[in-house]
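The values are calculated or read from the model by the stated rules, or taken from the named source; none is laboratory data. In this text the structure is predicted, and so the values were computed from the model without any measurement. With ideal geometry, Cβ positions are generated from the backbone for all residues, glycine too; neighbour counts draw on all protein chains shown.
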Amino acid sequence: MSECILKVALDSPLDISFDYLWQAEEGERPEIGQLVLVPFAHREVVGLIVGIETESDLPRDKLKTALAVRMQLPPLSPAWIALCRFAAEYYQRPLGEVALPGLPKNLRAVKTVSLDKAIKKLAKAGSAQTATAGDTPRLNDAQQTAATSLANTREFVPTLLYGVTGSGKTEVYLHAVAQVLAREKEDGIPAQVLILVPEINLTPQLEANVRQRFPEVMVATLHSGLAEGERLLHWLAAHNGQARIVLGTRLAILSSMPHLKMIIVDEEHDPSYKQQEGLRYSARDLAVWRAHQLNIPIVLGSATPSLETWQHVLSGRYRKLELRERAVQDAVLPKVGLIDLERKAPREVVTDGISASLLAAVRKRLERGEQSLLFLNRRGYAPVIHCDACGWISNCTRCSAFMVLHKRDRRLRCHHCGLEQRIPHACPDCGNVDLKPLGQGTQRVEETLHGIFPDARIMRIDADSTRLKGSAQQAFDAVHRGEVDILIGTQMVAKGHDFRNLTLVGVLNPDTALFSHDYRASERLFAQLMQVAGRAGRAAQKDGGNPAEVLIQTRFPHHPLFAAVRVHDYDTFAGELLEERRQANFPPFMYQALLRAEARELQTALDFLHAAAACIDHDGITVNDPIPMTMTRVANVDRAQLLVECPSRPVLQGFLKDWMAALRPMKTRARWSLEVDPVDI
Ligand code: ADP
Ligand code: ZN
Ligand code: ZN
């Protein structure tokens with residue numbers, strides 16, 4: 001027996017590692033990166049060994065003894081711990097709060113699960129994979145050039161694969177993956193590739209592509225839709241190196257991949273790479289750091305890159321590989337037109353938010369047997385109901401938000417706090433029985449279209465219609481099989497999907513984002529419109545006629561954003577946005593962090609933020625005034641925020657570290673949290 005001190009990171013808000021005594025048996029040596037069961041605050045919890053020492057700063061009688069080192073699991077690598085440590089420091093969180101929550105629950109359970117069990121299953125699952133190799137289309141010249149550049153890259157070179165929608169970026173990724181795996185065969189050094197996608201709904205499509213292309217390779221998938229048992233299997237396959245390809249959503253960036261040789265981030269601009277609660281990390285940013293740390297290539301793919309990435313390209317820090325045309329022969333980018341809802345003569349007739357011009361275009365598609373997609377980023381039937389007689393409106397009693405009408409369920413629902421109630425029979429204030437829905441949600445559009453086109457096959461895809469596991473996939477499959485004539489959907493349908501028979505995209509209500517208080521709104525709207533437009537016209541144009549079409553309904557047809565969308569000109573628009581950002585001192589020319597506070601009373605939250613602003617010296621940092629959040633109240637809690645800014649990232653980082661140390665012991669009834677590089681401010 002030999003005694004040592006284990007330094008253990010625990011999932012606890014205290015920003016320290018904890019010391020435990022351990023008596024190692026003969027021949028057994030605990031290692032850094034192993035998991036360990038320890039007593040902590042009257043409980044038993046699993047922690048991560050981050051150091052092994054002979055002595056502790058604490059007196060011996062204060063030390064507790066660790067209960068069990070989980071020997072069965074091969075240790076997490078120093079590189080993985082370094083990644084977690086970086087994320088912890090960058091986002092100002094304790095290491096344990098970053099490292100542990102990302103591990104499968106079963107590994108963190110007090111009761112050990114036998115991994116032998118799980119590992120056998122894995123071997124079986126591996127051998128049961130009997131996909132057959134699919135056809136490999138011949139790369140076009142642009143794809144070939146990009147693929148060759150990537151094949152010649154073995155070191156950290158951040159590369160933007162900038163390709164218009166439908167330009168065949170996936171095919172370039174697959175070639176890059178094939179290169180990495182082929183190299184493993186040559187030099188015998190194990191290789192793994194991590195592919196990130198923004199949406200859980202896009203994993204099956206890419207997964208099928210990948211499995212078909214690499215039938216002999218084990219592919220692990222990691223996303224929030226997995227059951228715990230499955231998640232353990234896939235996580236283990238990545239961790240022990242069996243899975244050569246790991247495909248996942250943002251959470252997969254923290255997966256353990258000891259042989260990682262390349263990272264691909266598809267649709268790198270997508271907001272879903274940003275985690276919006278708990279540890280508010282950017283999976284894309286962590287991916288770049290991870291690739292840098294390992295000195296491996298990283299590919300960021302997009303038709304509408306984030307302005308952060310674009311600025312890196314302009315400044316020469318990232319390489320740009322470009323695909324300017326659609327990959328499918330004779331497939332061309334759709335023609336984008338605007339429908340002016342304010343036009344006087346002839347006046348546009350609008351039925352429940354859908355213009356006559358758009359309806360005529362849908363009718364044309366129905367006659368030709370082609371598909372249409374109507375895009376509206378608002379689920380439910382109507383965003384609010386109101387009373388004409390007295391002006392009553394369906395406010396949520398717990399939030400500064402409206403209750404959304406869900407007509408089919410006969411309910412009003414708050415999309416922020418989840419509060420539900422029956423639709424009132426009469427106005428609660430004046431008794432008027434004629435309450436009216438205001439505005440449109442996807443359900444109302446669906447109902448309206450059923451009325452106008454009773455024979456059309458109409459499908460709605462949004463968070464409400466796809467609550468059941470697998471239902472989103474079924475819905476997308478039906479669209480691909482041509483069983484749907486008109487597809488109505490929210491942003492869920494706007495990204496990534498390769499719909500082949502879709503020749504019309506209608507955008508119903510983009511206007512609110514044109515004049516938002518959020519300086520990122522136009523970047524987002526532009527990307528969203530380019531992306532949703534990109535779903536149309538992905539097949540060869542028939543007989544040289546009938547180009548695919550995108551019709552955008554708007555009251556502001558002269559807005560410059562639409563001019564750029566019409567000509568599919570990302571470059572110019574991005575350049576203009578960046579110039580605005582530079583002049584206004586916004587990111588990416590400024591680094592920001594947001595301190596949020598919430599409490600029953602707004603004043604409590606504001607008082608805390610004022611105290612926080614005053615509590616340490618902040619030379620070189622701009623500390624703005626604390627303000628209530630735009631949506632102040634959610635679920636009976638008031639929320640306020642304080643923005644700090646600095647043109648230097650290291651200076652901001654140094655400040656944040658000191659600031660957090662000063663804030664943690666501060667007494668307040670407000671709950672608070674810090675977000676680094678906030679996106680919604
Ligand atoms: P992106 O991700 O750039 O929007 P995809 O990767 O979805 O585009 O490709 C669009 C379509 O083009 C897919 O249906 C794909 O099978 C097809 N495609 C890709 N490369 C080629 C090629 N070299 N020749 C023919 N078709 C291709
Ligand atoms: Zn009323
Ligand atoms: Zn609410």
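Structural remarks
- Odd one out for L405 among (1) assigned to a strand (DSSP E or B); (2) out of contact with any Pro (no Cβ under 7 Å at 6 or more places or on another chain); (3) within 16 Å of ligand 3 (Cβ to nearest atom): (2)
- Selection count, segment 384-398, where residues are in a strand (DSSP E or B) and either acidic (D, E) or within 11 Å of ligand 3 (Cβ to nearest atom) (or both): 1
- Of V644, V679, V634, all but one fail to be out of contact with any Leu (no Cβ under 6 Å at 6 or more places or on another chain), crowded, with 19+ Cβ neighbours inside 10 Å and among the β-branched types (V, I, T); the exception is V644.
- Scoring V404 on the criteria (1) of a type in the set (A, V, I, L, M); (2) within 16 Å of ligand 2 (Cβ to nearest atom); (3) under 30 Å from V484 (Cβ atoms) leaves a single failure, condition (2).
- So P258, is it farther than 28 Å from S673 by Cβ and touching a Ser or Thr at 6+ places or on another chain (Cβ under 6 Å): yes
- Of the helices (runs of 4 or more DSSP H) lying entirely inside segment 82-184, the ones with 3 or more residues being surrounded by fewer than 20 Cβ atoms within 10 Å (Cβ to Cβ) and modelled with pLDDT of 85 or more are found at 105-108, 141-151.
- Residue within segment 545-552 that is among the aliphatic types (A, V, I, L, M) and either under 30 Å from R649 (Cβ atoms) or under 24 Å from the mean Cα position of the chain (by Cα) (or both) present: no
- L73 surrounded by 14 or more Cβ atoms within 10 Å (Cβ to Cβ), within 29 Å of the chain's Cα centre (by Cα) and part of a loop (DSSP other than H, G, I, E, B): no
- Tabulated pairs, segment 336-362, first farther than 16 Å from V445 by Cβ, second of a type in the set (D, E, K, R), C-beta under 6 angstrom, 6+ apart or interchain: V336/R566; E342/R555
Okay, residues lined up against (1) loosely packed, with under 15 Cβ neighbours inside 10 Å; (2) more than 16 Å from ligand 1 (Cβ to nearest atom); (3) farther than 21 Å from I486 by Cα:
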residue	(1), (2), (3)
I423	no, yes, yes
C427	no, yes, yes
E447	no, yes, no
G451	yes, yes, no
